[in-house]
Amino acid sequence: MVARQPLHVVERLRMRYRLVPLVLALLLAGIVPASASTLAPGGTFRDDDGNIHEGAIEAIAAAGITRGCNPPANDRYCPDDSVTRGQMAAFLARALSLGITTTDFFSDDEGSIFEADINKVAAAGITKGCSATGDHYCPDAVVTREQMAAFLVRAYGYTDDGGGDRFIDDDGSPFESDIDKLATAGVTLGCNPPDNTRFCPSRPVRRDEMASFLARAAGLDLNVPPARCSILPADNIWNRRVDDLPVDANSDAYIATIGASATLHADFGSGVWPPGSNSPIGIPFAEIDPAQADVPIHYTAYGDESDSGPWPIPSGAPIEGGPDSTGDRHVIVLDRGDCMLYELFDASPNGDGSWDAASGAAYDLTSNALRPDGWTSADAAGLPIFPGLVTYDDVASGEITHAVRFTASRTRNAHVWPARHDASSTTDSQYPPMGQRFRLKADFDISAYSPEIQVILTAMKRYGLILADNGASWFISGAPDARWNNDRLHEWDDIPGSAFEAVDVSSLMVDPNSGRAGG
């Protein structure tokens, strides 16, 4: 059997050319992506993809005006959050490169991380404080749009109000003149496009809006990044909701053999296990730049069912279980720039940069193609692993929109779509096949669980679970992350297997060799 080759140089060029129509459209619209070619896919932050203000957010990030909202990682911008007065001071101090002052202007900002910035903008005459006595700044109070106008007018010295009343909803506002000056300067367009007859003066200004105001005021070009690659097409079976599908005829038997009284377990978390080891909890993954060099992959067991290299696997890529692991030793590498996913099983690095592995698979994340029927992957079911992992960023976004990988102690020597491989000698029909979909029952009450756990359980109701490997029953796969709260991940230890049911997804299959879900 000839191994299916992963797509490398030619395919990567094809991926990059997909960006050309986007950049051309932006140029025709008068939006100049000043450094789009140098931005990583999706840009600096993970939570602003597709936001109408994304180009401005990237522009102020490149200019050093914003650093993000979740230090020390600072990979999120929190675009929907309201701007606080403390944050406003920081934005303006950085945008104007204001010098340090030794004067302490206000009594209520002691201990604020923005105290130095607040003093800088006060020294520059940009703020007079928030109290009649002038000794309070109210650093944690949100900034309204009319207050934002006053801050920017003072900061940038706008004096021309255009000689008219630009908006119909700011009459009587103490900042009406500032609002008109801001509009005349082209910094604000209004809040009700396309008419833009209103300014919404009393509404809190969001962080994404603030990025656009600052970019216009500072004369920055928009930096529009290439689109961040999605994890498989939207119509892929991994990304298809199954809460509207019928219960599988063998559901009761499958639940019984997996364990009706056995409970869920998060096979991921923060820290290491056992304590003192170098073994992070979960299946780690690495994201790489498209410039990462390819290295040889040497297969030790299932090379005839594996995709041959070379692949861009860094020498320091994290290994499941840590470098000393004797377990599955999965290595997962995600290249969002080229929309490629690389996965290895039982992997070990070599001194020359190459890797040894028992098996491996490469996936074009823009394609619904499945592996040849009967082939393994880095997983027993012949499926990709990464699309089924629970990640902290997924949970932090408030919604998981894909099925979740899990394991069962015994499976049947059979597989169902979209799985391609099985790993059992058991023929009894009461055992589930690889690839079998399950879901948390719709009437299972999740209201008592922590909000982040509710996000995961909601995904289990909507998108369900996919049986992908032999292992401990009802073990849910996820990626390790220092931000996980392990106590909360143990909240669902009381959810029994009987709370689940098997789902019949056969009606969604369009082509047995494609992961595209119809219906």
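A short reminder: the numbers here are calculations on the coordinates, not readings from a lab. In this text the structure is predicted, and so the values were computed from the model without any measurement. Reconstructed Cβ throughout: ideal geometry from the backbone, glycine too, with neighbour counts over all protein chains shown.
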- Quick one: what Rg and Dmax do you get for the chain from the alpha carbons, in Å? 27.0, 84
- Message: Based on alpha-carbon centroids, what's the gap between the stretch 110-128 and the stretch 149-168 in Å, whole number please?
- Response: 22 Å
- Got a sec? Charge dipole of the stretch 40-218, +1 on Cβ for Lys and Arg, -1 for Asp and Glu; which of SER97, ILE57, HIS136 is way out at the positive end? SER97
- Message: What are the ³J(HN,Hα) couplings of the stretch 466-480, residue after residue, when phi is run through the Karplus curve with 6.51, -1.76, 1.60 and θ = phi - 60°? Round to Hz, x for glycine and proline.
- Response: 10, 6, 10, 6, 7, x, 4, 5, 6, 7, 9, 8, x, 9, x
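Around ASP346, under 11 Å between beta carbons, what's the net of Lys plus Arg minus Asp minus Glu among the other residues?
Numbers: positive: ARG329; negative: GLU320, ASP328, ASP356.
Its environment carries a net charge of -2.
Please order THR144, THR159, THR44 by the number of other Cβ within 10 Å, starting at the fewest.
Numbers: THR144 19, THR159 8, THR44 22.
Neighbour counts put them in this order, fewest first: THR159, THR144, THR44.
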- Message: Among CYS229, GLY398, PRO204, whose Cα projects farthest towards the positive end of the dipole of the chain, with charges put on the beta-carbon of Lys, Arg (+1) and Asp, Glu (-1)?
- Response: CYS229
- Task: Would you please state the base-10 log of I(q)/I(0) at q = 0.14, 0.15, 0.19, 0.31 1/Å for the stretch 404-443, with intensities from the Debye formula using one equal scatterer on every alpha carbon?
- Result: -0.32, -0.36, -0.55, -1.13
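With r as the distance between the Cβ atoms of ASP165 and ASP195 and R0 = 22 Å, compute the FRET efficiency 1/(1 + (r/R0)^6) and round to 0.05. Mind dumping the intermediate values first?
Details: r = 15 Å, r/R0 = 0.69.
Efficiency for this residue pair is about 0.90.
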- Query: Using the beta-carbon distance between ALA249 and GLU287 and R0 = 56 Å, what value does 1/(1 + (r/R0)^6) give for FRET efficiency, to the nearest 0.05?
  - Reply: 0.85
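Test of understanding: express the Cα radius of gyration of the stretch 172-271 as a ratio to 2.2 N^0.38 Å, with N the residue count. Please report the intermediate quantities before stating the final value.
Numbers: Rg = 26.3 Å, N = 100, 2.2 N^0.38 = 12.7 Å.
Dividing the Cα radius of gyration by 2.2 N^0.38 Å gives 2.08.
Listed highest first by mean packing, meaning other Cβ atoms within 10 Å per residue, what order do 428-435, 350-357 come in? Don't skip to the answer; put the middle values down first.
On the way: 428-435: 19.2, 350-357: 15.1.
Final packing ranking: 428-435, 350-357.
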- With the stretch 40-218 reduced to its Cα atoms and the Debye formula applied, log10 I(q)/I(0) at q = 0.09, 0.16 1/Å amounts to -0.31, -0.99
- Query: What are the residues whose amide H is under 5 Å from the amide H of THR407, where those residues sit 5 or more places off or on another chain and H is modelled from the backbone?
  - Reply: TRP474, PHE475
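Between ARG67 and ASP494, what is 0.36 nm times their sequence separation minus the Cα-Cα distance? Round to one decimal in nm. Please report the intermediate quantities before stating the final value.
Numbers: separation 427, 0.36 × 427 = 153.72 nm, distance 4.05 nm.
Answer, rounded to one decimal: 149.7 nm.
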- Footprinting exposure proxy for ILE476, ILE52, ILE466 (fewest neighbouring C-beta atoms within 10 Å first): ILE52, ILE476, ILE466
- Query: If eta is 1.567 mPa s and T is 4 °C, what Stokes-Einstein diffusion coefficient results for the stretch 237-508, Kirkwood Rh from Cα pairs, in µm²/s?
  - Reply: 69 µm²/s
